[in-house]
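The values are calculated or read from the model by the stated rules, or taken from the named source; none is laboratory data. Because the structure is predicted, anything quoted here is derived from the model rather than measured. Cβ atoms come from the backbone with ideal geometry, glycine included; neighbour counts cover every protein chain shown.
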Amino acid sequence: MIDIHSHILPGIDDGSKDLETTLKMIEIYKSQGVDTVISTPHFYPSYFENTKEVVNKTLYEINEKLKAMNIDFTIYPGSEVFATQDTLKYVKEGYIQTLNNSRYILMEFDYKHFPEYGLDLIYELHLLGYRVVVAHPERYYYVIKDITFLNELIEEGCLIQINTSSITGLFGREVKKTALKIIENGSFNFIATDAHTTNGRGPYFEEAFKLINKFKKDYRQTLANNIELLIKNVNICNKLNKMEKNKSFIDILKGIRR
């Protein structure tokens with residue numbers, strides 16, 4: 001298994017604070033059957049400005065240390081890009097590190113309000129040949145409130161990534177409920193840890209997969225196939241099921257009376 005969303009690089013964002021934490025995260029990854037991750041430090045203007053140059057410099061240093069310590073673990077470059085009105089400019093100017101230098105960009109949106117320019121940004125990026133992977137939409141308030149909002153992202157050609165910690169309930173009942181609905185409906189492409197440290201937000205997969213397997217036994221293989229295509233920069237066909245609006249109690253009664 002490969003994790004495509006991990007804040008494993010030490011000291012450059014709100015993820016791993018130092019080499020010791022990174023090494024402990026690697027130990028946990030290996031215990032979960034994971035030997036490869038894509039490092040995705042935040043690119044968040046005015047907060048964490050981890051440009052392509054910064055990511056690759058830090059990644060080179062950590063890979064050299066792992067090599068010197070004879071630790072067999074692969075870390076690829078990437079970033080988690082917070083969507084702003086300047087994102088397109090940053091991409092065009094080469095500041096953004098894509099997932100393993102592929103066409104795929106992991107993108108995070110504002111949690112409370114989807115930006116007015118959001119769909120246009122996605123469209124423009126796709127015109128440039130990139131594909132947006134939406135990070136943890138199950139945690140966004142507007143998706144929790146109206147799960148059919150996910151359909152707009154799917155229709156725009158986005159790929160959907162769900163956090164393992166959302167599935168297991170770390171972010172609360174509503175986030176877990178939303179994540180499981182998306183999974184049950186088959187409206188996602190990736191499961192990733194979004195690991196920041198070694199505690200609750202650590203690199204854990206197995207508990208989440210026990211819950212996922214209740215819906216469909218072959219999800220793990222499907223997800224592995226998607227990740228392999230991403231790593232190799234091959235096009236991933238976006239045939240996701242659309243979400244249906246939650247029915248109210250009155251809607252249910254109307255349906256019974258018909």
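Mind checking which residues of the range 175-221 are in a loop (DSSP other than H, G, I, E, B), at pLDDT below 95 and among the charged types (D, E, K, R)? Selection gives 201, 214, 216, 217, 218.
Note on the range 147-164: residues that are among the β-branched types (Val, Ile, Thr), more than 20 Å from residue 113 (Cβ to Cβ) and either outside any strand (DSSP E or B) or in contact with a Pro (Cβ under 7 Å, 6 or more places away or on another chain) (or both) total 1.
Counting only residues that are of a type in the set (A, V, I, L, M, F, W, C), out of contact with any strand residue (DSSP E or B) (no Cβ under 8 Å at 6 or more places or on another chain), surrounded by 15 or more Cβ atoms within 10 Å (Cβ to Cβ) and part of a helix (DSSP H, G or I), how many does the range 110-134 have? Talk me through it step by step, then tell me what you get.
Looking only at the range 110-134, we keep the residues that are of a type in the set (A, V, I, L, M, F, W, C), and these are 114, 119, 121-122, 125, 127-128, 132-134.
After this cut, where a residue has to be out of contact with any strand residue (DSSP E or B) (no Cβ under 8 Å at 6 or more places or on another chain) as well, the list is 114, 119, 121, 127-128.
From the residues that got through so far, the ones that are surrounded by 15 or more Cβ atoms within 10 Å (Cβ to Cβ) too are 114, 119, 121.
Next cut, part of a helix (DSSP H, G or I) only: 119, 121.
The total comes to 2.
Suppose the filter is at pLDDT 95 or above and in contact with an Asp or Glu (Cβ under 8 Å, 6 or more places away or on another chain); does residue 114 pass it? No; evaluated as a whole, the condition is false for this residue.
Restricting the range 222-248 to residues that are among the hydrophobic types (A, V, I, L, M, F, W, C) and part of a loop (DSSP other than H, G, I, E, B), which is nearest to residue 133 (Cα to Cα)? Let's see the steps before the verdict.
Going residue by residue through the range 222-248, those that are among the hydrophobic types (A, V, I, L, M, F, W, C) are 223-224, 227, 229-231, 234, 236-237, 240, 243.
Okay, now just the ones that are also part of a loop (DSSP other than H, G, I, E, B), so 234, 236-237, 240, 243.
On the way: 234: 14, 236: 11, 237: 13, 240: 13, 243: 18 Å.
Result: 236.
Inside the range 235-257, can you point out the residues that are in contact with a helix residue (DSSP H, G or I) (Cβ under 8 Å, 6 or more places away or on another chain) and at pLDDT 90 or above? Within the range 235-257, 235, 236, 240, 242, 243 meet the criteria. Residue by residue through the range 1-60, note down the ones that are farther than 16 Å from residue 80 by Cβ and acidic (Asp, Glu). The answer is 18, 20, 27, 35, 53. Would you check if there is a residue in the range 45-58 being farther than 24 Å from residue 227 by Cβ and touching a His at 6+ places or on another chain (Cβ under 7 Å)? Taking every residue of the range 45-58 in turn, at least one turns out to be farther than 24 Å from residue 227 by Cβ and touching a His at 6+ places or on another chain (Cβ under 7 Å). For residue 32, the conditions (1) surrounded by 14 or more Cβ atoms within 10 Å (Cβ to Cβ); (2) modelled with pLDDT of 95 or more all hold with the exception of (2). Which residues, counting only those in the range 185-219, are in contact with a helix residue (DSSP H, G or I) (Cβ under 7 Å, 6 or more places away or on another chain), in contact (Cβ under 8 Å) with a residue 40 or more places away in the chain and not hydrophobic (A, V, I, L, M, F, W, C)? Of everything in the range 185-219, those that are in contact with a helix residue (DSSP H, G or I) (Cβ under 7 Å, 6 or more places away or on another chain), in contact (Cβ under 8 Å) with a residue 40 or more places away in the chain and not hydrophobic (A, V, I, L, M, F, W, C) turn out to be 187, 189, 193, 194, 197, 198, 202, 203, 204. All conditions but one from (1) more than 18 Å from the chain's Cα centre (by Cα); (2) within 22 Å of residue 39 (Cα to Cα) apply to residue 210; the one that does not is (2).
If you go through the range 135-146 one residue at a time, do you hit one that is modelled with pLDDT of 95 or more, among the hydrophobic types (A, V, I, L, M, F, W, C) and part of a loop (DSSP other than H, G, I, E, B)? Reasoning before the result, please.
Step one: filter the range 135-146 for residues modelled with pLDDT of 95 or more, giving 135-146.
The next check asks that each one be among the hydrophobic types (A, V, I, L, M, F, W, C); those that pass are 135, 143-144.
From what's left, part of a loop (DSSP other than H, G, I, E, B): none.
For the range 135-146, residues modelled with pLDDT of 95 or more, among the hydrophobic types (A, V, I, L, M, F, W, C) and part of a loop (DSSP other than H, G, I, E, B): absent.
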